[in-house]
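Below: one structure in structure tokens.
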Amino acid sequence: MKVKTVEDLPVEGRRVLVRVDYNVPLDDAGAIGDDTRIRATVPTLRYLLSRRASLILVSHLGRPKGKVVEGLRLDPVARRLSQILERPVAKVNDCLGPDAEAAVRSLGPGDVLLLENVRFHPEEEANDPEFARDLAAWAEAYVNDAFSTAHRAHASTVGVAAYLPSAAGLLMVKELDALGRLLEGLERPFTAVLGGAKVADKMGMIRNLPADVVILGGGLANTFLRAQGKDMGGSRVETDKLDQAREIMAHLRSRGVRLVLPVDAVAAPEIREKVSCRTVPVGRIPAGWQALDIGARTLELIRPGILNARTVFWNGPVGVYEVPAFACGSIMLARTIVEDSGADGGRFTVIGGGDAMAVSVRAGIADQVSHLSTGGGASLEFLEGRTLPGVEALASEA
Ligand code: ADP
Ligand code: MG
């Protein structure tokens, strides 16, 4: 699906409503932890500011469920954004109403206003048309740069687009381009490495990705190995998903996809540091022990599938990486993905998912990947082949 981009939108000197995703982690004292999401919107904001636009930013934070929740106000975000942009960022305590109106009226070219958490109003998640129209009334154009909420049909992600000339921001465009390259026009061979805990999260993706090689690891692989009849000891296995796993394996076989499953595992009786652990072949996990990471033989087995690929996508750690004793497999995997990948002419590499991303940062390879997707659930739905309502709302007629 082709979308209109901010570069096609007349914004010179205009008031522009920008949907951003500033749903950042806050600690108990209300301080911002990781501000990646704020920084990720800066290219779009700077682009608009360079066109002398007035910016009216709208975002959600957390799950206030349609009510005002004091701890979920966006004031800390406004302060951090102001530091990052090195210019004042005004903030109002409601996204609609007289204060917002006065703030919008007083905006000049190059001014920035952050509206209050849009999910304080139940009409946001209900995609109420009147609420959307009222939000749209603040501006003369709409830019959506919140790819990570594009799978939700809410007033600020879909509804407002009906009332204003609309386009995708630069972050949204970057995500669509990179993830789109995993579905169409990709360079082969294409290897997908999928791990994580829950089968249900990844089924649609395993099915839809046009991969030549699918490598499974982590809790996800346990269920597939069990479905092949392997004794997985006390490992995390979703026994209600065994038939689905068998059906997916048959589907991959029929499409000529090479499926690689772990051959060994680091197993332990408990998930904690300093527990006695052992590397054992899958199928020989001691009773009551759990497979908590992939072993060295599995790492050797999956290396060529990654190194020979021209396109690699990775989502979901292959072990309980939160505990250092079981992080080795995921960290080595992350390093293999960027090994000899070169700046150009190398592999096109995409990493998606909060946990795989955390591993990449810990492995020190985050800046060597072609694209790190911050899209979360939206990325997964996109790669499942679903149309995201927030993207559809920006589709160009052509
Ligand atoms: P991502 O955020 O990259 O999409 P997921 O959220 O799907 O990844 O999965 C991450 C979780 O999977 C981590 O909390 C990790 O501890 C867990 N996990 C990985 N391997 C195993 C395993 N063998 N047994 C239990 N949990 C696992
Ligand atoms: Mg996760």
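Residue by residue, what Karplus-based ³J(HN,Hα) values in Hz, rounded to whole numbers, does the stretch 123-137 have, using 6.51, -1.76 and 1.60 with θ = phi - 60° and x for Gly and Pro?
5, 4, 6, 7, 6, 5, x, 5, 4, 4, 5, 5, 5, 4, 5
Quick one: net charge of Leu380's neighbours, Cβ under 14 Å, K/R +1, D/E -1?
0
When the convex hull of the C-alpha atoms of the stretch 6-171 is computed, what volume per residue in Å³ does it have?
Output value, Cα hull per residue: 98 Å³.
Would you work out which of Leu135, Ile215, Leu164 lies farthest towards the positive end of the dipole of the stretch 130-245? Charges go on Cβ: Lys and Arg +1, Asp and Glu -1.
Of the options given, the answer is Ile215.
How do the peptides 122-129, 213-220 rank, highest first, by the average count of neighbouring beta carbon atoms within 10 Å per residue?
213-220, 122-129
At a temperature of 37 °C and a viscosity of 0.692 mPa s, determine how fast the chain diffuses translationally according to Stokes-Einstein, using the Kirkwood radius over alpha-carbon pairs as Rh; express D in µm²/s, rounded to the nearest whole number.
Once the numbers are plugged in, D ends up at 146 µm²/s.
Report the charge-dipole magnitude of the chain in Debye, nearest 20, computed about the Cα centre from +1 at each Lys and Arg Cβ and -1 at each Asp and Glu Cβ.
980 debye
Another one. Could you give the size of the charge dipole of the stretch 258-355 about its Cα centre, using +1 on the Cβ of each K and R and -1 on the Cβ of each D and E, expressed in debye and rounded to the nearest 20?
260 debye
Counting heavy atoms of the protein chains only and a 1.4 Å probe, report the per residue accessible area for the stretch 186-383 as a whole number of Å².
I get 41 Å² per residue for this part.
How high is the FRET efficiency from Glu300 to Asp34, r the C-beta distance, R0 35 Å, rounded to 0.05?
Result of the calculation: an efficiency of 0.55.
I want to verify the translational diffusion coefficient of the stretch 256-371 in µm²/s; compute it with Stokes-Einstein, Rh as the Kirkwood radius over Cα pairs, at 10 °C and 1.306 mPa s.
Estimated diffusion coefficient is 107 µm²/s.
Report, in deg cm²/dmol and to the nearest 500, the calculated mean residue ellipticity at 222 nm for the chain, where each DSSP H run with n ≥ 4 adds -39500 (n - 2.57) and the sum is divided by the residue count.
-9500 deg cm²/dmol
Related question: Bins of 10 Å, beginning at zero and ending with the bin holding the largest distance: percent of Cα pairs per bin for the stretch 186-383, please.
Bin by bin from 0 Å, the calculated values are 10, 39, 38, 13, 1.
Taking the Cβ of Asn315 as the centre, find all other residues whose Cβ is under 13 Å away and add up their charges (Lys, Arg: +1; Asp, Glu: -1).
It works out to a net charge of -2.
Ok, one more. If you roll a 1.4 Å probe over the chain with all protein chains in place, what percent of the accessible area is carbon or sulfur?
Answer for the chain is 48 percent, counting heavy atoms of protein chains only.
Using the crude model of +1 on Lys and Arg Cβ and -1 on Asp and Glu Cβ, and no other charge, please compute the dipole size for the stretch 186-383 relative to its Cα centre, in debye to 20.
460 debye
Using 25 Å as the Cα-Cα cut-off, could you pick out the over-long pairs in Lys198/Lys230; Lys67/Lys91; Lys4/Lys202; Lys4/Lys198?
Lys4/Lys202; Lys4/Lys198
Please list the non-local residues whose amide H lies under 5 Å from the amide H of Phe348, H modeled 1.01 Å from N, same-chain partners needing a gap of 5 or more.
When sequence neighbours closer than 5 places are left aside, the close amide H contacts are Thr311, Val312.
Residue-wise, which Karplus ³J(HN,Hα) couplings in Hz belong to the stretch 93-107, taking 6.51 cos²θ - 1.76 cosθ + 1.60, θ = phi - 60°, and x for glycine or proline?
So the Karplus estimates, Gly and Pro as x, are 8, 8, 7, 10, x, x, 5, 4, 4, 4, 5, 5, 4, 7, 6 Hz.
Sticking with this structure for a sec: 5 Å is the cut-off here: which amide hydrogens, built 1.01 Å from N in the peptide plane, fall below it relative to Ile215, excluding neighbours closer than 5 in sequence?
Ala192, Val193, Leu194, Val260
The values are calculated or read from the model by the stated rules, or taken from the named source; none is laboratory data. Just so you know, these numbers come straight off a predicted model, no measurement behind them. As a convention, Cβ positions derive from the backbone with ideal geometry for all residues, glycine included, and neighbour counts pool all protein chains shown. Note: accessible area is taken over every heavy atom of the protein model, side chains too, but ligands, DNA and RNA are not part of it. Shrake-Rupley method; radii C 1.70, N 1.55, O 1.52, S 1.80 Å.
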